[in-house]
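Following: one structure in structure tokens, then a few remarks.
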Amino acid sequence: MTHRLQLVAVLLGLALGLVWWWRSAPPPTAYVGGPVLTMDPASRVVGGLAVEGGRIAAVGSESSIRAWADERGARITELQGRALLPGFIDAHGHFPGAGIYAVHVDLNSPPIGVVEDLEGLVGRLAERARTTSAGEWIVGWGYDDTLLAERRHPTRRDLDVVSTEHPIALLHVSGHLAVVNSVGLEVLGIDAETPDPEGGIIRREAGSRRPDGVLEENAAHRVMPLLSPGLVDGVRIVRHAVDLYLRAGVTTAQSGGVDSGTMQALRWLSRLGVIPLRLMLWPLDEAADALLEGDLEFPAEDPWVRRGAIKLIADGSIQGYTGYLSEPYHVPPGEDPGYRGYPRIPRDALIERVVAFHRAGFQVAVHGNGDASIDDILDAFEAAQRVLPREDARPIVIHAQMAREDQLDRMLDLGVVPSFFSLHTYYWGDRHRDRFMGSERAARMSPAASAVRRGLRFTIHCDAPVVPMEPLRLVWAAVNRRSTSGASIGPEQRIGVMEALRAVTIDAAYQHFEEDEKGSLEPGKLADLVILSASPLEDPARIDALRVVETVIGGRSVHREGP
Ligand SMILES: [Zn+2]
């Protein structure tokens, strides 16, 4: 989001901000008549819950809560057998990224989207080109080379068929690769003379130095600033994302990797009531440095928009062949049978960055998928603790997809919270088994059961917009580990329903240092709630079929299922 958006948001804020502050507190409400899954330390399931002044006033039996309601003259919400849970807390994602399809072209393949081959992809982009003025960027998100009939990335030449007047940029479903057409490469100043950046690759046409349009990792990162939406598009994206999250029962959204302009814009949009969700922001790169240097002021204790861990990125994604592994990929992407991916940031530089942020008192969250990358990350966390021992630092490994057993042991020792992208078993499970990892390694990716066995606290996430924000499908995936084809992917890493639910509620709150305020239904905590069509404990195989009936934030109903 641009500074223009920030400025207009500030002006709107002056006009409308007071309205937000003057809004009256919601009336006291009692929820009775259905199971209340508290997610408290004993995982109690009770019969009722009372809310007053935006916080939980009481939890207990149905009769005790009905008596409370009588006494207060409180409103009563009859659950009629539906289940009440703490609102879902996003452990890692990229709010408001899920709203991008309100503005950019959706290039996802089934089961998320409809693009099946390059012809379909080109067709959708050409349609957009017809309504876009020449010279303006056309942006498409979510294509997956391994789901296209041709089984390859589109190239500059494929996209030149769409337009030689518009610059075009496509983002791979992983967010770690981009494809740009010839005009786009020109605008970006990338040509045969451009060297590969550190931690990135500009792919070349066979037998030449000419870029073929595909950009990996830090090379792809050059595209990002050009894609910042203006004010109108920015608000459209945010509003669409808010709608998707509230429908999914999410009450705290996470923005894992934001610049300082976006941080300020999101704070203002929150104050204006455009974002009724609570937000947890993780500053990246320039914003992280600005915080370290004291150049960025961001209040830590706002109950709506909080600044959390500093985010760093150590490698790429395994489905993009850029995850950094200790053993070669199962089917290598090119000629080299020993190809293991690569680090996005050299080990020593990573250690230096982690130590610097840890020393300055920040929580640190590092993206790492491949086990070689996770080795580097854990070395960095260990070095940080050696330089400055700090109890309860809760460093995070984002994804920790190929974490080995010995690495989980180290995580326990170092107080690390791994956050697993457990929907990988569903969306990419078959391909991890057949192409990327082979069956043995695929079976133990996102090793949640190994974490449970150690008593290692972990979270699970959707990484929206990498896949849709669907916490119930996420819980289902961690419990069942079934791929899109129905195959079982590492059944020994399945976990119980309660364990999976904790990973999207109380343990996600713990990861964010918010367990005193959120994540369980206990007196005094924020009344952030979700009502589901039935209890997820009833039929673990069908959790993905449950519906979100209502979402409540701070005691206020912010979404109700339509008729
Ligand atoms: Zn992410």
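Starting from the exponent 0.38 and prefactor 2.2 Å, build the expected Rg for the range 117-190 from its residue count and divide its actual Cα Rg by it. Don't skip to the end; give the middle numbers.
Details: Rg = 11.4 Å, N = 74, 2.2 N^0.38 = 11.3 Å.
So the range 117-190 has a normalised radius of gyration of 1.01.
In the neighborhood of D191, defined by Cβ-to-Cβ distances under 10 Å, what is the net charge if each Lys or Arg adds +1 and each Asp or Glu adds -1?
0
Give me the number: length gained by fully extending V387 to L226, i.e. 0.36 nm times residue separation minus the C-alpha to C-alpha distance, one decimal in nm.
54.1 nm
Determine, for each peptide in 528-534, 355-361, the mean count of other beta carbons within 10 angstrom over its residues, then list the peptides with the highest first. Let's see the in-between values first.
Values: 528-534: 22.9, 355-361: 16.6.
Per-residue mean Cβ counts within 10 Å order the peptides as 528-534, 355-361.
Per residue, how much accessible area does the range 70-146 show when a 1.4 Å probe rolls over the protein heavy atoms, in square angstrom?
Accessible area per residue: 41 Å².
Net charge within 10 Å of A372 by Cβ-Cβ distance, Lys/Arg positive one each and Asp/Glu negative one each, not counting A372 itself?
Here the count lands on -3.
Which residues' amide hydrogens lie under 5 Å from the amide hydrogen of I313, considering only partners 5 or more residues apart or on another chain, with H built in the peptide plane?
Sorted by chain and number, the residues that satisfy this are H367.
Provide the per-residue ³J(HN,Hα) series for the range 205-214, in order, calculated from phi with Karplus coefficients 6.51, -1.76, 1.60 and θ = phi - 60°, each as a whole number of Hz, with x at glycine and proline positions.
These are the phi-based 3J(HN,Hα) values: 6, 3, x, 8, 8, 5, x, 8, x, 8 Hz.
Need one value: the accessible area of V238 in square angstrom, 1.4 angstrom probe, rounded to the nearest 10.
Using a 1.4 Å probe on the heavy atoms, I get roughly 0 Å².
Which trypsin sites (Lys or Arg not before Pro) in the range 78-162 pass both tests, a DSSP loop state and at most 13 other beta-carbon atoms within 10 Å? Mind dumping the intermediate values first?
Working: sites: R82, R124, R128, R130, R151, R152, R156, R157; in loops: R82, R151, R152.
Filter output for the range 78-162: R151, R152.
Explain nothing, just compute: Karplus ³J(HN,Hα) = 6.51 cos²θ - 1.76 cosθ + 1.60, θ = phi - 60°, for every residue of the range 451-467 in order, whole Hz, x for Gly and Pro.
5, 4, 4, 8, x, 8, 6, 9, 10, 10, 8, 9, 6, 3, x, 4, 10
For the chain, which whole-number percentage of the solvent-accessible area (1.4 Å probe, protein heavy atoms only) is attributable to carbon and sulfur atoms? Please list the in-between numbers first.
Values: 10950 of 21540 Å².
Summing carbon and sulfur atoms, their accessible area is 51 percent of the total for the chain.
Where in the range 178-250 are there trypsin sites (Lys or Arg not before Pro) that are in a DSSP coil and have at most 13 other Cβ atoms within 10 angstrom of their Cβ?
Filter output for the range 178-250: R209.
If you wrap the range 324-396's Cα atoms in a convex hull and average its projection over all directions, what's the area in nm²?
Numbers: hull surface 20.2 nm².
Result: 5.0 nm².
Given R₀ = 45 Å, what would the calculated FRET efficiency be for A42 paired with D295, taking r from the Cβ atoms and rounding to 0.05?
Computed FRET efficiency for A42 and D295: 0.50.
Compute the FRET efficiency between I76 and L414 as 1/(1 + (r/R0)^6), taking r as their Cβ-Cβ distance and R0 = 30 Å, and round to the nearest 0.05.
After rounding to 0.05, the efficiency reads 0.05.
Under the rule of at least 5 residues apart or a separate chain, name every residue whose amide H is placed under 5 Å from the amide H of V558.
Under 5 Å from the amide H of V558: T551, V552, I553.
So how much accessible area does K525 have, in Å² to the nearest 10, using a 1.4 Å probe?
Near enough 10 Å² of accessible area.
Counting alpha carbon pairs within less than 8 Å and at least 6 residues apart, what relative contact order, in whole percent, applies to the chain? Provide the component values of the computation, followed by the final result.
On the way: 1290 pairs, mean separation 95.5, N = 563.
Here the relative contact order equals 17 percent.
Loop only per DSSP, at most 11 neighbouring Cβ atoms within 10 Å: give me the trypsin sites (Lys or Arg not before Pro) in the range 372-415, ordered by residue number.
Answer by residue number: there is no such site.
Give me log10 I(q)/I(0) at q = 0.10 Å⁻¹ for the chain, Debye formula, one equal scatterer per alpha-carbon, no solvent.
-0.83
Among all helices in the chain defined by DSSP H, which have a length of 27 Å or more along the axis from Cα atoms plus a Kyte-Doolittle mean of at least -0.5?
Those that clear 27 Å and a mean of -0.5 are 3-22.
Considering only the other residues whose Cβ falls under 10 Å of the Cβ of P491, what net charge follows from Lys and Arg at +1 and Asp and Glu at -1?
Net charge in that neighbourhood comes out at +2.
Just the C-alpha atoms of the range 355-459: what Rg/Rh do they give, with Rh taken as the Kirkwood radius?
Result: Rg/Rh = 1.01.
Cα centroids of the range 163-209 and the range 525-546: how far apart, whole angstrom?
Spelled out, the Cα-based centre of one part sits 44 Å from the other.
Give a residue-ordered list of calculated ³J(HN,Hα) values for the range 41-54 (Karplus: 6.51 cos²θ - 1.76 cosθ + 1.60, θ = phi - 60°; whole Hz; x for Gly, Pro).
x, 9, 6, 5, 10, 10, x, x, 8, 10, 10, 8, x, x
The values are calculated or read from the model by the stated rules, or taken from the named source; none is laboratory data. Nothing here was measured: the structure is a model prediction, and the numbers come from that model. Quick reminder, even Gly has a Cβ in these numbers, built from the backbone with ideal geometry, and neighbours come from all protein chains shown. For accessibility, only protein heavy atoms count, side chains too; no ligands or nucleic acids. Shrake-Rupley method; radii C 1.70, N 1.55, O 1.52, S 1.80 Å.
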